[in-house]
1. Excluding ligands and nucleic acids, what accessible area in Å² is computed for LYS31 using a 1.4 Å probe, to the nearest 10?
2. Given the -39500 (n - 2.57) contribution per DSSP H run of 4+ residues, what per-residue ellipticity at 222 nm results for the chain, rounded to the nearest 500 deg cm²/dmol?
3. How large, in percent, is the carbon and sulfur part of the accessible surface of the chain at a probe radius of 1.4 Å?
4. Would you list ARG95, ARG15 from the most to the least accessible area, probe 1.4 Å?
5. Taking the simple approach of a point 7 Å from Cα along Cα-to-Cβ for both LYS16 and GLU55, what is their distance in nm?
6. Run the quick spin-label model on HIS93 and LEU8: label points 7 Å from Cα toward the beta carbon, then report their separation in nm to one decimal.
7. Quick check: net charge around GLU43, other residues with Cβ under 11 Å of its Cβ, Lys/Arg +1 and Asp/Glu -1?
8. Can you compute the modelled spin-label distance between GLN86 and GLU62, with each label point 7 Å from Cα toward Cβ, in nm?
Amino acid sequence: MNDVLEQLTITLEQRKNADPEKSYVASLHKKGLNKILEKIGEEATEVILAAKDAEQSGDRSELISETADLWFHSMVLLSHLGGSAQEVTEKLHERFNLSGLTEKAARVETDT
């Protein structure tokens, strides 16, 4: 699975400075952070709607497709801000042996 994310990271970096007229990724970078965030918001909403539909119908195909779109645009965001999928997977790896409730409580304590 990480191979796909690594390949996508490389592709996104290659397209980051491409011609915005020929590359969707380059056009997002050119339009800036607010446009990328707008796309993430749209995709998140589409994931929510697809999840509701999947629960009713039992067909997850649209949910999978919309989740892929959300992940893609999230990776564009990471790229735009100099981050990477590797950093996210490392963070997830750190949390593997930590209870979700414990991890959340630690974040809440740090935020206060």
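The values are calculated or read from the model by the stated rules, or taken from the named source; none is laboratory data. Bear in mind that the values here come from a model prediction, so they are computed numbers and not experimental data. Because the Cβ atoms are built from the backbone with ideal geometry, glycine has one as well, and the counts that use them run over all protein chains shown. Calculation scope for accessible area: heavy atoms of the full protein, side chains included, ligands and nucleic acids excluded. Shrake-Rupley method; radii C 1.70, N 1.55, O 1.52, S 1.80 Å.
1. 130 Å²
2. -26500 deg cm²/dmol
3. Values: 4500 of 8260 Å².
After summing per-atom areas, the C and S share lands at 54 percent.
4. Numbers: ARG95 90, ARG15 120 Å².
Descending order: ARG15, ARG95.
5. The answer from the label model is 3.8 nm.
6. The answer from the label model is 1.8 nm.
7. So the environment of GLU43 carries a net charge of -4.
8. Here the modelled spin labels are 3.8 nm apart.
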